[in-house]
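Here the structure comes first, spelled out in structure tokens, and everything after it is commentary.
The values are calculated or read from the model by the stated rules, or taken from the named source; none is laboratory data. Fair warning: this is a prediction, and the values are worked out from it, not measured in the lab. Every residue, glycine as well, gets a Cβ built from its backbone with ideal geometry; the counts of neighbours run over all protein chains shown.
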Amino acid sequence: MQRGKSQELSRRDFVKGAATAAAVVSSFPFVARGAAADRPLRVGLVGCGGRGSGAAHDVLAAAPKVQIIALADVFKDRLDSCRAGLKDKAHMEVPEKNCFVGFDAYKKLVAMDEVDYVILATPPYYRPAQLTACIDAGKHVFMEKPVAVDPVGIRRIIAAGEKAASKNLSIVAGTQRRHQKSYIETIRRIQDGAIGDLVGGQVYWNGGALWYRKREAGWADMDWMIRDWVNWCWLSGDHIVEQHVHNIDVWNWAFGKPPESVVAMGSRLRRKTGDQFDNFAADFTYPGDVHVMSMCRQINGCDSNVSERIIGQKGISNCNGFISTVGKIEVDSPHPYVQEHADLIQAIRTGKPVNEARQVAESTLCAIMARTSAYTGKPVTWEEIMKSDEEFGPPDYELTEENVRAHVPVPGTVQG
Ligand SMILES: NC(=O)c1ccc[n+]([C@@H]2O[C@H](COP(=O)([O-])OP(=O)(O)OC[C@H]3O[C@@H](n4cnc5c(N)ncnc54)[C@H](O)[C@@H]3O)[C@@H](O)[C@H]2O)c1
């Protein structure tokens, strides 16, 4: 099936990508040793790029007695620059023997008994295999959002989350807002009835284009796409999944349930690199015929708005410190990048596991379902997307500009 011609939810014209992670030794290093707060928590980072390098410093800032002891990345230059940053800014030297490079680097890192806690900050396509490997190996995990790019990946995340629960392992996801006190307090009050029953709302991530990498001499297709991943659907899920998931997640959180269906549209107007759209609009229907309008755009020179809005029978809220029936809610909100790790460390050290796998999987799937509707021009239900066997992987065609353009979905038929 050619991408773009589909009116179905079935598999797209992609080959399967990375193989399922092999199960590795199952052990519970940190928990088994009594979750002792007096011994250092030893962290391994998989994906040493922008966010991963940032997260390495965030986890060190989140609590005392934390060490980064291992690094893994598909590219040596990315790993080296993260390692150098840790040495310069945090005076933390990661031994050479604990630095792994290549596609199987993550397997070597999770096989290390000394690692208690793994940060997953690779492109979202790789998350299901990498989370599964971590949980099989008995590691606690901080994983960046989104957590998959297709429904098959989502089901693997949910399964890994259930396995983690059975092993008392903790998983925190990088949704930011769920660990930001101004959001937590506002959503708590909304759920306690501050604006009555929820009747509708809007969520937005309208902003400029993200970065891109031009292909350099000597780079294979895979090297280029991974370095330019935010522009390739099979790696990022498209920007509605990669970026707008933050806002969709807030609605799911407040409402307590995912939507029943979605009708969405979108197109590619200004984007030059990769194969993604640069704008989407979606109308999600939640139980009780509650409609939530979503918009996301990555086009320079247009209006910007990153926010959420919830309408209840008795009032409205911006979800982040304001409720019309209450007024401004003043709370001290430490940066969620650090707070996410502080919450995960606390769960590990107190032996009270936290597990965010299902909630972030569901929010990611909402974005996937809207993307599918926009690509096909058809409504998509939650039931359909949950069962869908759609599975992405690297393009199986030659990456010429013409070929890539021909594979960008165009919904509907030509007039006349
Ligand atoms: N929560 C947030 O606010 C936030 C902000 C930025 C990025 N992110 C998320 O963080 C993740 C990483 O984004 P980024 O901006 O750091 O991208 P990046 O390209 O800067 O970093 C990704 C790193 O992963 C490495 N990598 C790619 N495939 C790999 C593989 N199979 N195994 C090991 N390493 C691999 C790359 O070489 C690179 O170093 C994405 O999921 C992104 O959506 C979240």
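A few remarks follow.
- Considering segment 308-358, and only residues there that are part of a strand (DSSP E or B) and of a type in the set (Lys, Arg), the residue that is nearest to Val118 (Cα to Cα) turns out to be Arg309.
- Residue count for segment 377-399, restricted to those that are closer than 25 Å to Met295 by Cα and in contact with a Gly (Cβ under 9 Å, 6 or more places away or on another chain): 3.
- Answer residue from segment 49-69, given it is farther than 13 Å from Lys87 by Cα and without any contact (Cβ under 8 Å) to a residue 60 or more places away in the chain and is nearest to the ligand (Cβ to nearest atom) among those: Gly50
- Residue match in segment 79-91 (condition: near the ligand (Cβ under 8 Å from one of its atoms), crowded, with 21+ Cβ neighbours inside 10 Å and either touching a residue at least 40 places away in the same chain (Cβ under 8 Å) or part of a helix (DSSP H, G or I) (or both)): yes
- Matching residues in segment 384-409 - criterion: being within 26 Å of Ala220 (Cβ to Cβ) and of a type in the set (Ser, Thr, Tyr): Tyr397, Thr400
- Scanning segment 112-129 for residues that are away from the ligand (no atom under 12 Å from the Cβ) and either aliphatic (A, V, I, L, M) or closer than 21 Å to Leu235 by Cα (or both) returns Met112, Val115.
- The selection criterion, being closer than 23 Å to Ala173 by Cα, in a helix (DSSP H, G or I), not β-branched (Val, Ile, Thr) and not assigned by TED's automatic domain parsing to the domain that holds Ile158, does not hold for Ala374.
- The single condition among (1) touching a Phe, Trp or Tyr at 6+ places or on another chain (Cβ under 7 Å); (2) surrounded by fewer than 21 Cβ atoms within 10 Å (Cβ to Cβ) that Asn318 does not satisfy is (1).
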